[in-house]
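Undergrad: The structure's right below; bear with me while I get my questions together.
The values are calculated or read from the model by the stated rules, or taken from the named source; none is laboratory data. Not measured: the values here are computed from a predicted model. Backbone-built Cβ (ideal geometry, glycine too); neighbour counts: all protein chains shown. Please note that ligands, DNA and RNA were not included when accessible areas were found on the heavy atoms of the full protein model with its side chains. Shrake-Rupley method; radii C 1.70, N 1.55, O 1.52, S 1.80 Å.
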Amino acid sequence: MEDVLCVYHRPYDPRRPQVCVDEKSKVLHSHTKGREPLPMCPVQNGRKGQVLREDYEYKREGTANIFIATEPLVGKRHVQVTEQRTGADFAQLLRVMVDEWYPAPEVEMVVLVTDNLNTHGPWVLYENFSPEEARRISERIEWHYTPEHGSWL
């Protein structure tokens, strides 16, 4: 906990942005036939408008994973949607983070805060990229983990 709190007390440095990453799985729904939503109606001529009305019945359309990377000191966020939440998906997120969102030479190191999920570590880079590529990406990341049962940090 102290490690993460010390990271949060660092002053803002654009060459070493503090980025927090987490993910959430979501169930995808669609409307069932014959139960499409009733549309909104604006307020007109003094008559009350109507909000969108949807039925409780839905069709399950699978799941999706949402990775969110936030940079709280400047109010930035990046979102990446994947079909699953695997180590390969996390490795791809890290590659995009260091190559596209926070590229060198403008950014020398991404200070990453994440939880202790079994797919959140440098090893996923070595499992999914060549050793040279994995090392290149991992050398641009300073890892910090929230404690177990402390992801609220």
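Undergrad: Open to solvent by 70 Å² or more (accessible area, probe 1.4 Å), part of a helix (DSSP H, G or I), of a type in the set (Asp, Glu) and out of contact with any Pro (no Cβ under 7 Å at 6 or more places or on another chain) - does that describe any residue in region 125-132?
TA: yes
Undergrad: Here's another thing I want to ask about it. Could you go through region 112-121 and let me know if any residue there is farther than 20 Å from TYR12 by Cβ, open to solvent by less than 50 Å² (accessible area, probe 1.4 Å) and of a type in the set (D, E, K, R).
TA: Within region 112-121, one or more residues are farther than 20 Å from TYR12 by Cβ, open to solvent by less than 50 Å² (accessible area, probe 1.4 Å) and of a type in the set (D, E, K, R).
Undergrad: Starting from region 123-141, take each residue that is farther than 18 Å from ARG15 by Cβ and list its partners that are in a loop (DSSP other than H, G, I, E, B) and of a type in the set (Lys, Arg), counting only C-beta distances under 9 angstrom and pairs at least six apart or across chains.
TA: none
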